[in-house]
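Here, each number is a calculation from the coordinates, and none is a lab measurement. Note that the coordinates shown come from a computational prediction; the quantities given were computed from them, not determined experimentally. Cβ sites come from the backbone with ideal geometry, for glycine too, and all protein chains shown count toward neighbours.
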Amino acid sequence: MATTRSNIFDPEGPLSVSFNTVKDLITLNLITILCCLPVVTIGASFTAMHYTALKMVRDEEGYITKTFFRSFKENLKQGIGATFILAAALGFIGLDFWAIQWFQDDPGFVKAAAVLLALLAAVTVLTATFFFPVQAKLCATLRQNISNAFKMALSHFPMTLLMVVFNLLPFVICYFVHVLIPLLFIFGFSLPAFWDAKLYNGIFKKLEERADAGEDL
């Protein structure tokens, strides 16, 4: 019995590992939110979050804050560019959805426009879902990373949908259960990113192996 207890509380035991993971996820969530506050840095912050989450999945993270801010600094310029592009895309879609209400006398046009905008919104969301992990791991231009994210989102479509569910789930839960809203500030971003990383880890391992072999990605 004593041996069992010592195993439970061992620094390398499951209880300690779980506690450290929870602690790291809380830290990661808080610094991600703080680094999003300037708004224009949202892209760099989400990129650093996914970089750190993948390191956690691989047990390579070291110090969470150090890992996060290293990626944040390296991706700041492209992250700001990504923030503006994503904001422009979502703004364009939202404005167009608002504008088509003025064409209610032409239901055929409204229906066609709504379907087209819904498809554009879906492509934007799916691409954005894979963009930040791609930006975190692949050394390429912003344009290339957007293209790579789009291709990966489509080629791994079921996984991408599951990642979207992971990312939206905390907000959906808090929408219906308001008392849980404070949890968004504790796990709302980092926990879905951690789940996402568990999914796409295998994809990036294969890409890294191809890169090490000198093959084109």
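Under the rule a/c < 1.5 gives rounded, and otherwise a/b versus b/c splits prolate from oblate, where does the stretch 10-135 land using the Cα gyration tensor?
Cα axes put the stretch 10-135 in the prolate bin.
Rounded to whole Hz and in sequence order, give me ³J(HN,Hα) for the stretch 167-176 from the Karplus expression 6.51 cos²θ - 1.76 cosθ + 1.60, θ = phi - 60°, writing x for Gly and Pro.
Once rounded to whole Hz, the list reads 5, 8, 3, x, 6, 5, 4, 5, 5, 8.
What is the stretch 71-195 by shape, rounded, prolate or oblate, if you read a ≥ b ≥ c off the alpha carbon gyration tensor as root eigenvalues and call it rounded for a/c under 1.5, prolate for a/b larger than b/c, and oblate otherwise?
oblate
Can you pull the percent of Cα pairs in the chain with separation above 21 Å?
Taking all Cα-Cα pairs of the chain, the fraction more than 21 Å apart is 61 percent.
Students often get this wrong, so check it: of 66/206; 77/111; 111/206, which have C-alpha atoms separated by over 31 Å?
Beyond 31 Å between Cα atoms: 77/111; 111/206.
Which one, 120, 98, 22, projects farthest toward the positive side of the charge dipole computed for the chain from Cβ point charges (K/R +1, D/E -1)?
In the chain, that residue is 22.
Taking the number of other C-beta atoms within 10 Å as the exposure measure, put 178, 156, 50 in order starting with the fewest.
Placing the least packed residue first, the sequence is 178, 156, 50.
Among the lysines, which fall within straight-line cross-link reach of residue 205, defined as a Cα-Cα distance under 21 Å, with same-chain neighbours fewer than 8 residues apart omitted?
55, 137, 151
Charges at C-beta only: +1 for Lys and Arg, -1 for Asp and Glu. How large is the resulting dipole of the chain about its Cα centre, in Debye rounded to 20?
Computed about the Cα centre, the dipole is about 240 debye.
Looking at 65, 178, 132, which one has the Cα that reaches farthest to the positive end of the dipole of the chain (charges on Cβ: Lys, Arg +1; Asp, Glu -1)?
65
Would you work out if the stretch 14-55 is rounded, prolate or oblate? Take a ≥ b ≥ c from the square roots of the eigenvalues of the alpha-carbon gyration tensor; rounded if a/c is under 1.5, else prolate when a/b is larger than b/c, oblate otherwise.
oblate
Pairing the Cα long axis of helix 107-137 with the longest principal axis of the chain, what angle in degrees results, from 0 to 90 and rounded to the nearest 10?
For 107-137 against the chain, the angle is about 30 degrees.
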